[in-house]
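Taking it in order: structure first as C-alpha cells, then the write-up.
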C-alpha cells in the first residue's frame, strides 16, 4: 500500500469512527429525551442508559 493510499484509508477510517460515535451519541440522547417525556424517573434513566447525572442535566437543558 502506498503512503498516500494508507493516509487516505486512515482518514476515511477516522471519519467512519467519528460518524459511528456521533450516531451512537445521538441515539442515546434521543432515548433519554423519550424517557424524560414519558416521565421516567431520572435514576432509572441513569441506570438504564449508563450516563452521569451531569450528562442527564445537559440533555434536559437541550429539550
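The values are calculated or read from the model by the stated rules, or taken from the named source; none is laboratory data. Fair warning: this is a prediction, and the values are worked out from it, not measured in the lab. Neighbour counts run over all protein chains shown; Cβ positions are idealised from the backbone, glycine included.
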Conditions: (1) in a helix (DSSP H, G or I); (2) at pLDDT below 95; (3) exposed (fewer than 10 other Cβ atoms within 10 Å of the Cβ). Residue 54 meets all but one. Number of the miss? (2)
Yes or no: the range 28-49 includes at least one residue that is loosely packed, with under 10 Cβ neighbours inside 10 Å, part of a loop (DSSP other than H, G, I, E, B), out of contact with any helix residue (DSSP H, G or I) (no Cβ under 9 Å at 6 or more places or on another chain) and modelled with pLDDT under 95. no
